[in-house]
């Protein structure tokens, strides 16, 4: 089984322009993500971008980079363009804003595909925090006894009639796809549930695709806005 990690990276972030090239301890963020991905059980790692500045930066540190269309609306579409021309069985969509992503997280997703029936895989982490449970910015996931996702939501799910309980599974937004499934899901139109929650994975669920959920105790820092850089400790 050949597994390739693709890191989508765009320069024009509305909340943090130029984010992939921000300096973190002497290295750009995209370099740190790339180097962490190289430590995982992947046969190849590629940066997918539409910006020549990011392309140049990746080439400078010796990484692999492919230029893509600027018309993509999300990272899934961007990695699919690259995956189309790859000899690969599984594609890992590695978020470009997690400079300290753990290789073990990626490996956990790779391991899911030992089961040939798995189409898409993602991660979740058990949480027990009332404040996070209430935050719409933190996505929750519920799944069946076979660890197939039933639903993802920004709302507090499951709903506890006993208000003192707030145990939930936080969704960790990294995805792995069988290559043929990836190329299928990017052809799907936005679904009603996706439009309601603004969660792309609901498009796949609503169309009948299964999303395997692997549980992890690991979590890495995501850099969404400049202020998040203050959370980094070396």
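I need a count of the residues in the range 143-154 that are out of contact with any helix residue (DSSP H, G or I) (no Cβ under 8 Å at 6 or more places or on another chain) and over 20 Å from residue 176 (Cβ atoms).
So the answer is 1.
For residues that are in a loop (DSSP other than H, G, I, E, B) and within 26 Å of residue 230 (Cβ to Cβ), tally how many sit in the range 11-44.
Residues flagged as in a loop (DSSP other than H, G, I, E, B) and within 26 Å of residue 230 (Cβ to Cβ) within the range 11-44 amount to 12.
May I ask you to list the residues in the range 101-130 that are under 25 Å from residue 226 (Cα atoms) and out of contact with any strand residue (DSSP E or B) (no Cβ under 9 Å at 6 or more places or on another chain)?
Correct list: 102, 103.
So how many residues does the range 45-98 have that are in contact with a helix residue (DSSP H, G or I) (Cβ under 8 Å, 6 or more places away or on another chain), surrounded by 15 or more Cβ atoms within 10 Å (Cβ to Cβ) and not in a loop (DSSP other than H, G, I, E, B)?
Of the residues in that region, 19 qualify.
Look through the range 155-187, keep the residues that are surrounded by fewer than 16 Cβ atoms within 10 Å (Cβ to Cβ) and within 26 Å of residue 40 (Cα to Cα), and return whichever of them is nearest to the chain's Cα centre (by Cα).
183
So is residue 105 surrounded by 15 or more Cβ atoms within 10 Å (Cβ to Cβ) and closer than 30 Å to residue 27 by Cα or not?
yes
Answer yes if at least one residue in the range 141-153 is exposed (fewer than 14 other Cβ atoms within 10 Å of the Cβ), in a strand (DSSP E or B), modelled with pLDDT of 95 or more and not assigned by TED's automatic domain parsing to the domain that holds residue 6, and no otherwise.
Scanning the range 141-153 turns up at least one residue that is exposed (fewer than 14 other Cβ atoms within 10 Å of the Cβ), in a strand (DSSP E or B), modelled with pLDDT of 95 or more and not assigned by TED's automatic domain parsing to the domain that holds residue 6.
Quick check, is residue 126 modelled with pLDDT of 95 or more and under 13 Å from the mean Cα position of the chain (by Cα)?
no
Against the condition in the same structural domain as residue 89 (by TED's automatic domain parsing), on the phi < 0 side of the Ramachandran plot, modelled with pLDDT of 95 or more and loosely packed, with under 15 Cβ neighbours inside 10 Å, how does residue 38 come out, does it pass?
Taking the combined requirement at face value, the residue satisfies it.
The values are calculated or read from the model by the stated rules, or taken from the named source; none is laboratory data. Fair warning: this is a prediction, and the values are worked out from it, not measured in the lab. Every residue, glycine as well, gets a Cβ built from its backbone with ideal geometry; the counts of neighbours run over all protein chains shown.
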